[in-house]
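> Here you go, one structure.
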Amino acid sequence: MQPPPSGLRNRKCTLKVLIVDDHEALRAGVRSVLESRGIEVCGEAANGKEALAKAVQLQPDLVILDITMPVLDGFTAAREISKRLPGVGILLLSMHESASMVNIAKSSGARGYVAKSEGIARLIKAVDAVAHNKTFFPN
């Protein structure tokens, strides 16, 4: 697999990211990609309730959050994290690719949205944008 072109490639920074998805393999893959670019993954969570608790505890700069999860969904978790930690960037990562889901993501406090089918290069671009206080949503 060829590394994607991006400003985040091999970047040494202090960006702290919390990865939230109910699939352990996906979390491990995202962790590997981010860490290979010098980004610190400060924690992982498997559901929205865990995400909220870990976000408050770990104070990440960015939360990569799946939408469809047990216990508490990603939209609800995003709203709660945004309320409690307004400076935290939230990037929603989902298997859903509909415009209505993107609109709900925007209203939940997320600054970005990436479909899981879009690949690593798109995820890295989204992380870079959200980390720089920009938005990243599909056209």
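> For the chain, give the magnitude of the charge dipole about the Cα centre (Cβ charges: +1 Lys/Arg, -1 Asp/Glu; no others), in debye to the nearest 20. Let's see the in-between values first.
Working: 18 positive and 14 negative charges, 102 e Å.
Dipole of the chain, to the nearest 20 debye: 500 debye.
> Using the Cα atoms of region 78-139, I'd like the radius of gyration and the largest Cα-Cα distance, Dmax, both in angstrom.
Cα only, region 78-139: 10.9, 30 Å (Rg, Dmax).
> What pairs from LYS83/LYS106; LYS106/LYS134; LYS83/LYS134; LYS16/LYS49; LYS83/LYS116 go past 21 Å between their alpha carbons? If you can, show how the numbers build up before the last one.
Values: LYS83/LYS106 14 Å; LYS106/LYS134 13 Å; LYS83/LYS134 19 Å; LYS16/LYS49 19 Å; LYS83/LYS116 26 Å.
Over 21 Å apart, Cα to Cα: LYS83/LYS116.
> Another one. For region 37-43, just list the computed ³J(HN,Hα) in residue order, Karplus coefficients 6.51, -1.76 and 1.60, θ = phi - 60°, integers in Hz, with x standing in for Gly and Pro.
With coefficients 6.51, -1.76 and 1.60, one gets 9, x, 9, 7, 8, 7, x Hz.
> How large, in Å, is the chain by the Kirkwood hydrodynamic radius built from its alpha-carbon pairs?
On the way: mean 1/r = 0.0691 Å⁻¹.
When all Cα pairs of the chain are included, the Kirkwood radius is 14.5 Å.
> Follow-up. Report the extension gain between SER36 and GLN57 in nm, rounded to one decimal, defined as 0.36 nm multiplied by the number of residues separating them, less their alpha carbon distance. Spell out each step's value before the answer.
Working: separation 21, 0.36 × 21 = 7.56 nm, distance 2.46 nm.
Extra length from SER36 to GLN57 when fully extended: 5.1 nm.
FYI, it's all coordinate maths here, none of it is from the lab. Predicted model only: the values in this text are computed from it and were never measured. When we count neighbours, we look across all protein chains shown, and the Cβ atoms used for this are built from the backbone with ideal geometry, even at glycine.
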